[in-house]
Every structure is written in structure tokens, then in C-alpha cells.
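The values are calculated or read from the model by the stated rules, or taken from the named source; none is laboratory data. The structure displayed is predicted, hence computed values, not measured ones. Every residue, glycine among them, receives a Cβ derived from its backbone with ideal geometry; neighbour counts consider all protein chains shown. Just the protein is used for accessible areas: all its heavy atoms, side chains included, with ligands, DNA and RNA removed. Shrake-Rupley method; radii C 1.70, N 1.55, O 1.52, S 1.80 Å.
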Amino acid sequence: MARALAALAVVTVAVTLAFGAAADTAIDDFSGRWQGKVLRQAGNGVATGLDPRELVVHMRVDDDGIELRWAAISMADAEGGQLTLDQMQAAFEPTDGPGVFTARKIKSRLLGKTRTGNPIEGKPFVWARHTGSTFTVYTLQIGTDGGYYLDQYSLTLIEGGLALDFLKLLPNGRLVIRGLLERTKG
Amino acid sequence: MRVLRVVLLLVSVMALAYAPFSNAVVEAQEADLSAFMGTYIGEANAVDIGTGWVEQRDITVEIRPYSRNGFVISSEVIIRVDGRRTVPGVKRRFSQMLFQHASDGDYYVEVQKADPFSERDRTNIVAGDPVRWAKIEDSRLIVYSFTLRNDGRFELEVYTRTRTDRGLEIAFERVIDGEVTRRVTGQTVTAN
């Protein structure tokens, strides 16, 4: 299982390297519906188990900002063989920072539907960054024990698709998830 | 009159029932904090992960109670030049942070010193205001400082001060957008 995951992770990295990231892109280039598989891997290279997820990403870009919808279906987290569905939805508005966006509200399986704000006031802080050919979404939360949860989802336009790098920073380690998505609707 | 007496009796009973519990909670939190109170003097080495550059520092840390169930942490750092502090180019950095217990969890949040002459602004994270909080985990006092940079990358600084028999062990890490860029480790002893 671990070997299979390692092999797939290598393939993912190799594909990303072979095609390379696209040159600087406009944010509009991310618009569309993207679909593919992602694989879970621990940050230190030790596999935590094969967990193929089917991921669908919708991005809509207009003058007001960016709307992002995200749905992941997983078998591995399932209890009693049930499929689990992980969803996230956020609308981003531009800020004064170059290529920097923030979201006022977020909707997800873990957070429910909530307003964003200052993490020390119990609200998640959600922002995004567009640079080169990568669009990255970040969420920061502080738990009731004072620990933090910092998630970083990077989407990079590559030839023929979108490469996903998900990094979860935890006080005592990190988790990396990689994947490849193809455009299914313009 | 009788009604007043009954009300007073009820209030006294409620106060008696509530007091031991609330005192115990506050005392437990203060006991955690009290282990860190003091003045500490020591040395540390800072390593820039990208370049491998090492700096030697003299450090003084002072932790004092602040307000009710809070603390103030002051830190002075002298950055030496080639291991010496009596040559031009020596740098001094001073910082002070005030923390109070969070209302919705077992941690502390940074507060601004009450100043009747200045308006209290709300933290504007997007404009680069830092978000700081602290927690006690066994013998460690951990202070977190999160800042959003103008280019959208984040900076997370984690200061860990571990209580030892002699003083505080110091560890610091700066993470920029997921990558560790700086580490500081050192030792301090309690100053009399």
C-alpha cells in the first residue's frame, strides 16, 4: 500500500516537473470546472495510507472577485464503507495587496457556514494569493486549547491541467496531499 | 422585610456555592503561569536556514503578572558582532507583549495596554497587524505571532520557553509560507 502510494506520488511530481508550471497567468485562466484524483502523503515522506479522493474544483472569476467551490469524495475516511464528502465554498474579494484576496464568509463540512475574522476571536481567517501560475487558498484557525490549524491549498496551472498541493501545518508536524486535475468545463 | 431577608439568604448561599469553584479555576490557571514568572538571563544562537548564517545573542526575558489572570513578557536581545558586544554594529532589540486569558478557550490573547488618550483600533490582519496568542503546555509557555505579508504570504513565529530547574530553555522558529526560515535556541538562568 505504502509502496503504491510512494510510486503514485513520484509519478505526480514527475508529471508536474515534466510539464512544468505554465508561465505567469491571469486569474481568469483558473475559471472552470476541474476534476481529478488526489493522494495523501505525510510530510516526512512516510505514507499514511493510500487515500484516493475524487476532487472537483469550480472556480468562477468576475469583476467582484473569485468564487471557489470544492468537493472531495473519499472512501478511506469512510466508516462502515460509506463514502464521505468534504466540501468548501468561499467568495474572495481583492485587497490592497498585489494578488491578495480575502473571504468574508466560508462554508465547509468542518466549519459549517460561518463569517471569517480574527482567529483569536474564534473565527477562521481565510485569504488567497495569486502569483505566477499558482492560486493558493489559506485558512487559519485557533482551537480552544490555543493550538493552531493552518491549511494551505495551492492550485498551479500546468500544461493540460491543474496541479494541487495541499499542506496542513500542525503544531507537531505537517501533512501533504498532492493531486492532478483536468479541466472538464471551461 | 422578610422578603429582603430571604433574598439576602439566597444570595449568600449562591455566593458560597459558587465561590470555591471559581476560585479553584482561577488558582489553577495562576499556578500554571506562576511557574514562569521571573527574570531570566542567558545566551542564544540564531541560524538563518537559507544562508546558514549564525548570530550570537545575549538575552534577558522578564515575565510578570498583568491585570487579572494575565502576564506581560518583556524581552531584550543584544545581537553580538563576531561574538563580541563591545564593537560598533552591535544591535539591541526590545519587545513587550501583554496577554490576558481568552474568554472562549484555555489560552491567552494579546491585548493592548489601556491608554485613555488613544483610540483602540481593531486588529486589521489584512493591513499587516499581527495576531498573537499564547498557551501553556506542561512546562512550556508558547507564544504564537501570525502576520499576513503584503504579498499574501504568511509569517508564523513560535516562541517556546520551557521551564527548567535553572531557568528557561529558549526555542524560536519563524515559518514563512510553510517553510522554516530561522531558528533560535538558547538557555537562560533565573536572575536574582
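Considering only region A:119-128, state which residues are more than 7 Å from chain B (Cβ to nearest Cβ) and either open to solvent by 10 Å² or more (accessible area, probe 1.4 Å) or more than 23 Å from residue B:104 (Cβ to Cβ) (or both).
Answer for region A:119-128, where residues must be more than 7 Å from chain B (Cβ to nearest Cβ) and either open to solvent by 10 Å² or more (accessible area, probe 1.4 Å) or more than 23 Å from residue B:104 (Cβ to Cβ) (or both): A:121, A:123, A:128.
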Next item on the list: Kindly list, by first and then second residue, each pair from a residue in region A:48-67 that is of a type in the set (S, T, N, Q) to a residue that is modelled with pLDDT under 90 and part of a strand (DSSP E or B), limited to pairs with Cβ atoms under 8 Å and residues at least 6 apart or on different chains.
Entry: A:48/A:40; A:48/A:41; A:48/A:42; A:48/A:175
Notebook entry, point to check: Only one of (1) touching a Ser or Thr at 6+ places or on another chain (Cβ under 6 Å); (2) surrounded by fewer than 16 Cβ atoms within 10 Å (Cβ to Cβ) is not met by residue B:168, so which one is it?
Noted result: (2)
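Considering region A:129-186 alone, what residues qualify as being β-branched (Val, Ile, Thr), free of Cβ contacts under 8 Å to residues at least 40 places away in the same chain and buried (at least 20 other Cβ atoms within 10 Å of the Cβ)?
Of region A:129-186, the ones β-branched (Val, Ile, Thr) are A:131, A:134, A:136-137, A:139, A:142, A:144, A:156, A:158, A:176-177, A:184.
Subsequent filtering for residues that are free of Cβ contacts under 8 Å to residues at least 40 places away in the same chain retains A:131, A:136, A:139, A:142, A:144.
Those that are β-branched (Val, Ile, Thr), free of Cβ contacts under 8 Å to residues at least 40 places away in the same chain and buried (at least 20 other Cβ atoms within 10 Å of the Cβ): A:136, A:139, A:142.
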Next item on the list: Scan region B:76-85 for residues that are open to solvent by 100 Å² or more (accessible area, probe 1.4 Å), part of a loop (DSSP other than H, G, I, E, B) and under 23 Å from residue B:40 (Cβ atoms) and report the count.
Entry: 1
Check: When both residues are 6+ apart or on different chains and their Cβ atoms are under 6 Å apart, which pairs have a first residue that lies in region A:14-36 and is outside any strand (DSSP E or B), and a second that is exposed (fewer than 11 other Cβ atoms within 10 Å of the Cβ) and at pLDDT 60 or above?
Finding: A:19/A:159
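Every residue, every condition in (1) assigned to a strand (DSSP E or B); (2) within 13 Å of the chain's Cα centre (by Cα); (3) among the hydroxyl-bearing types (Ser, Thr, Tyr), yes or no:
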| position | (1), (2), (3) |
| --- | --- |
| A:105 | yes, no, no |
| A:137 | yes, yes, no |
| A:154 | yes, yes, yes |
| A:157 | yes, no, no |
| A:165 | yes, yes, no |
| A:175 | yes, yes, no |
| A:180 | yes, yes, no |
Next item on the list: Tell me, yes or no, whether region A:157-164 has at least one residue that is at pLDDT 90 or above and of a type in the set (Gly, Ala, Ser).
Entry: yes
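On the basis of being of a type in the set (Ser, Thr, Tyr) and either within 7 Å of chain A (Cβ to nearest Cβ) or assigned to a loop (DSSP other than H, G, I, E, B) (or both), does residue B:145 make the cut? Break it down stepwise before answering.
Values: of a type in the set (Ser, Thr, Tyr): yes; either within 7 Å of chain A (Cβ to nearest Cβ) or assigned to a loop (DSSP other than H, G, I, E, B) (or both): no.
Spelling it out, it is not the case that residue B:145 is of a type in the set (Ser, Thr, Tyr) and either within 7 Å of chain A (Cβ to nearest Cβ) or assigned to a loop (DSSP other than H, G, I, E, B) (or both).
Do we have residue B:165 as out of contact with any helix residue (DSSP H, G or I) (no Cβ under 6 Å at 6 or more places or on another chain), farther than 19 Å from residue A:170 by Cβ, within 14 Å of another protein chain (Cβ to nearest Cβ) and among the acidic types (Asp, Glu) here? Quick ask: steps written out before the conclusion?
Details: out of contact with any helix residue (DSSP H, G or I) (no Cβ under 6 Å at 6 or more places or on another chain): yes; farther than 19 Å from residue A:170 by Cβ: yes; within 14 Å of another protein chain (Cβ to nearest Cβ): no; among the acidic types (Asp, Glu): yes.
Against the criterion (out of contact with any helix residue (DSSP H, G or I) (no Cβ under 6 Å at 6 or more places or on another chain), farther than 19 Å from residue A:170 by Cβ, within 14 Å of another protein chain (Cβ to nearest Cβ) and among the acidic types (Asp, Glu)), residue B:165 does not qualify.
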Note to self: Here is a list: A:116, A:102, A:95. Which entry is at pLDDT 90 or above, touching a Pro at 6+ places or on another chain (Cβ under 7 Å) and open to solvent by less than 90 Å² (accessible area, probe 1.4 Å)?
What the structure shows: A:116
Check: Which one of A:136, A:102, A:144 is within 11 Å of chain B (Cβ to nearest Cβ), closer than 16 Å to residue A:58 by Cα and not hydrophobic (A, V, I, L, M, F, W, C)?
Finding: A:136
Item checked: Residues of region B:121-140 satisfying the condition of being of a type outside the set (Val, Ile, Thr) and part of a strand (DSSP E or B) -> B:132, B:133, B:134, B:135, B:137, B:140
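Any residue that is under 22 Å from residue B:73 (Cα atoms) and free of Cβ contacts under 8 Å to residues at least 40 places away in the same chain - is there at least one of those in region B:178-187?
Checked against the condition, which is being under 22 Å from residue B:73 (Cα atoms) and free of Cβ contacts under 8 Å to residues at least 40 places away in the same chain, region B:178-187 yields no hits at all.
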Notebook entry, point to check: If residue B:133 passes every condition in (1) over 17 Å from the mean Cα position of the chain (by Cα); (2) surrounded by 16 or more Cβ atoms within 10 Å (Cβ to Cβ); (3) touching a residue at least 24 places away in the same chain (Cβ under 8 Å) but one, which one does it miss?
Noted result: (1)
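Results for (1) over 21 Å from residue B:34 (Cβ atoms); (2) within 13 Å of chain A (Cβ to nearest Cβ), shown as yes or no for each residue.
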{"residue": "B:138", "(1), (2)": "no, yes"}
{"residue": "B:154", "(1), (2)": "yes, yes"}
{"residue": "B:157", "(1), (2)": "yes, yes"}
{"residue": "B:170", "(1), (2)": "no, no"}
{"residue": "B:175", "(1), (2)": "yes, yes"}
{"residue": "B:180", "(1), (2)": "yes, yes"}
{"residue": "B:190", "(1), (2)": "no, no"}
Margin query: Residues that are over 29 Å from residue B:162 (Cβ atoms) and in the same structural domain as residue B:184 (by TED's automatic domain parsing): does region B:94-115 have at least one?
Written below: yes
Notebook entry, point to check: For residue B:161, all conditions in the list (1) surrounded by 13 or more Cβ atoms within 10 Å (Cβ to Cβ); (2) farther than 19 Å from residue A:148 by Cα; (3) basic (Lys, Arg) hold save one; what is the number of the exception?
Noted result: (2)
